[in-house]
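Everything on this sheet refers to the single structure shown next.
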Amino acid sequence: MKSYKEKLKDIKVFMFDVDGVLTDGLVYLMKDELVRSLNAKDGYALQYASKMDYKIFIITGGHSTEVKERLLGLGVTEVHLGTSYKLSKYQELQEKFGFYNEQVLYMGDDIPDIPVMNLIGVSTCPQDAAIDIKSIVDYQSPLDGGKGCVRDVIEQTLRVQGNWMSNKAFEW
């Protein structure tokens, strides 16, 4: 069986949940809006991976159009909001873009992420993920959701593949 680092060699697609992965899971209730924060280092890594021609998808149960706009602005391929059953959305994306399960790294933090995590090449989670997630993943980041865990897995993948700090990165 391949180790976590060996599996990273095959990754061409990144998929992430939002709340608890790209955010710390806290939602601030303000008058007429919900407020979340995204980590700039995670954002840089998303942008970097996108420029290196990786496909990046967001599948979330959340409904924030502001989060969607921000992520698309960073080069994320597609953002799918309001997705309660993530496996069907994953299968739609797989059919549309033609990637294999082994080519996907997915990071989730809670029970709705499990069906996809059971299929893909590399399953990952933040340090503060639910215990049910921690028990099934290939890799648990030492960083919490919203605190750089997305940067952690993207950077590791690109380093293994020789795409981190490549000459192409300095041409932008």
Just to verify a result, which residue in segment 34-69, among those that are in contact (Cβ under 8 Å) with a residue 24 or more places away in the chain, of a type in the set (V, I, T) and not in a loop (DSSP other than H, G, I, E, B), is nearest to V160 (Cα to Cα)?
I56
Restricting to segment 123-168, what's the tally of residues that are modelled with pLDDT of 95 or more, over 11 Å from the mean Cα position of the chain (by Cα) and hydrophobic (A, V, I, L, M, F, W, C)?
9
Please count how many residues of segment 1-24 are farther than 13 Å from M107 by Cβ and part of a loop (DSSP other than H, G, I, E, B).
7
Residues in segment 64-100 that are over 17 Å from V21 (Cα atoms), surrounded by 14 or more Cβ atoms within 10 Å (Cβ to Cβ) and among the polar types (S, T, N, Q) total 2
Enumerate the pairs (first residue in segment 136-148 and in contact (Cβ under 8 Å) with a residue 24 or more places away in the chain and farther than 11 Å from D24 by Cβ; second residue anywhere and aromatic (F, W, Y) and surrounded by fewer than 18 Cβ atoms within 10 Å (Cβ to Cβ)) with beta-carbon separation below 9 Å, excluding pairs fewer than 6 apart on the same chain, so at least 6 apart or on different chains.
D138/Y4; Y139/Y4
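The values are calculated or read from the model by the stated rules, or taken from the named source; none is laboratory data. What you see is a predicted model; the values in this text were computed from it and never measured. Here the Cβ is made from the backbone with ideal geometry for all residues, glycine too, and neighbour counts use every protein chain on show.
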